[in-house]
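The values are calculated or read from the model by the stated rules, or taken from the named source; none is laboratory data. From a predicted model like this one, the values you see are computed outputs, not experimental measurements. Cβ placement follows ideal geometry from the backbone for every residue including glycine, while neighbour counts extend to all protein chains displayed. To get the accessible areas, we keep the full protein, side chains included, count just its heavy atoms, and leave off ligands, DNA and RNA. Shrake-Rupley method; radii C 1.70, N 1.55, O 1.52, S 1.80 Å.
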Amino acid sequence: MFLRLTDEQRMVQKTIRKFVEKELMPLENEVLRNEREGRPSLPPGKLKELQLKAKEAGFWGINTPAEYGGAALGNVMMAIVIMEVSKTFVPFQFGGSADNILYYSNEEQKKKYLIPTINGEKKSCFAITEPSAGSDTRNIKMTAVKDGNEWVLNGEKTFITGGNEADFVMVIAITDKERHKATLGREGVTCFIVDRDMGWRSEYIHTMGEWGPASLIFENVRVPEENILGELHGGYKLGLEWIGYARWVVGARAVGAAERLLQMAIDYSKERITFGKPIAERQAIQWQIADSAVEIEAAKWLVLNAAFTLDQGEDNRHLASMAKLYGANMGNRVVDRVLQIHGGMGYTRELPIERWYREARLWRIYDGTDEIQRMIIARNLLKGHVKIGQFV
Ligand SMILES: Cc1cc2nc3c(=O)[nH]c(=O)nc-3n(C[C@H](O)[C@H](O)[C@H](O)COP(=O)(O)OP(=O)(O)OC[C@H]3O[C@@H](n4cnc5c(N)ncnc54)[C@H](O)[C@@H]3O)c2cc1C
């Protein structure tokens, strides 16, 4: 066991850090201004421009297999990259990637959806949540009924990230009601790739964050048989795989943001004088800094372990739930303390802390709420699926 980054990982971390400091952080004021004046965070085309700059620096398709032009650097590297990029709130992700489940595409689907998505020519989203089914995905109602060589989809999805912008959706619908009921939702659902121009429409949802997900409305949307992703009736597995990946990624985002926020608090506490001394000299402030540092470190190891386990080809779901639960809550505690240390200034819109405070709240909700992660972790232990101390 070697608990340090390799030279290659350290080099990538350093290069990404430089990219974030040079290209992204200088945009922060503009992003805040745009958002506060009701405009998109970045002007049109800016994300693409940044992605191309990153590509020139060698960062394209970080976790994408080499056969699709990616760097295939693996999940630990991905975690390192996400933690670095999350040190800014500028909405950026590296180009050259696609959702993990889109790799289940057949050859035709690869040409039509996977490769254009990797190349940045098409945008995707993934939809399982419905108005009556969030945590309880077994309760979905959207149906797909076979008619000749097509499936006819009816129903509504909600809270879909990227649903306002996507060219196509990977959507989960019931294809066999009896089987769905008999297997408590594990079978009888199928994932379909559905182009926007096949007829679904999206409606923007306003949230407390700076961007909104969408409701997707399907009214007799006809989807050709060849647009089934993976196996007929096998959509539940794909759904779990998509959500499972997203979980430890949330933890990684929280770590990156919390590290930057804690540094802000350390810097501010040394400058802010009250009663003749910097607040950094008060135990009340020091303990908040110390607790935050310990919790960030703990979350980071959970994230890296979840990513490492996935790289070993092992089942990382238990660890992913732990990284999500702890990371999301750590992020919320840290941003709250950092806001407190900044006093009234922390509450203003002159600093980005309040923005992060609102964003962090989402980490505890999407991709499985706190309660659902606890349920999974406890169930794994109580049923003996995972033993205490199994991983290290
Ligand atoms: C901004 C945003 C983006 C999202 N992006 C996507 C996306 O891209 N694709 C997608 O499909 N979905 C997406 N979601 C949906 C998200 O995953 C769900 O909102 C989440 O899983 C919770 O479901 P729910 O909102 O229906 O809450 P509910 O399931 O109704 O839960 C309500 C409350 O009850 C608790 N609860 C539920 N069941 C139990 C239980 N058994 N025991 C104890 N407590 C319980 C929950 O933890 C929660 O506190 C997104 C949501 C948001 C807000």
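Can you tally the net charge around ILE101? Count Lys and Arg as +1, Asp and Glu as -1, for every other residue whose Cβ sits under 11 Å from the Cβ of ILE101. Please list the in-between numbers first.
Working: positive: LYS237; negative: ASP99, GLU241.
Local net charge: -1.
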_Straight-distance crosslink candidates among lysines, where the alpha carbon sits under 24 Å from LYS14 and sequence neighbours closer than 8 are dropped_ = LYS22, LYS46, LYS48, LYS53, LYS55, LYS87, LYS300
*Highest mean first, what order results for 350-363, 368-381 on Cβ atoms within 10 Å?*
350-363, 368-381
_Spin-label model distance (nm) - ARG186 vs GLU165, 7 Å beyond Cα toward Cβ_ = 3.7
_What whole-number distance in Å separates the alpha-carbon centres of region 124-159 and region 23-97?_
31
_Residues of region 185-344: accessible area per residue with a 1.4 Å probe, Å²_ = 45
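What does the charge dipole of the chain about its Cα centre add up to, to the nearest 20 debye, if the Cβ of each Lys and Arg holds +1 and the Cβ of each Asp and Glu holds -1? All intermediate terms of the calculation are to be shown ahead of the outcome.
Working: 52 positive and 52 negative charges, 200 e Å.
It comes to approximately 960 debye.
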*Please count, across region 124-233, the pairs of lysine residues with Cα atoms under 16 Å apart that sit 8 or more places apart or on different chains.*
4
*Between region 356-386 and region 233-287, the alpha-carbon center distance in angstrom*: 17
*About the Cα centre, charge dipole magnitude for region 124-233 (Lys/Arg +1, Asp/Glu -1 at Cβ), debye*: 420
*Thinking of region 7-97 as a set of Cα atoms, what percent of all their pairs are more than 18 Å apart?*
45
*Rounded to the nearest 10 Å², what accessible area does GLU271 show when all protein chains are kept and the probe is 1.4 Å?*
130
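Note down the Stokes-Einstein diffusion coefficient of region 162-320 in µm²/s, whole number, using a Kirkwood radius over alpha carbon pairs, 37 °C, and 0.692 mPa s. Walk me through the intermediate numbers first.
Details: Rh = 19.8 Å.
Rounded to a whole number, D works out at 166 µm²/s.
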*Dipole axis of region 124-233 (+1 Lys, Arg; -1 Asp, Glu on Cβ), positive-most option in THR190, ASN149, MET170*: THR190
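For the chain, with all protein chains present and a 1.4 Å probe, just round the carbon and sulfur fraction of the accessible area to a whole percent.
Values: 10540 of 19620 Å².
The value for the chain is 54 percent carbon and sulfur by accessible area.
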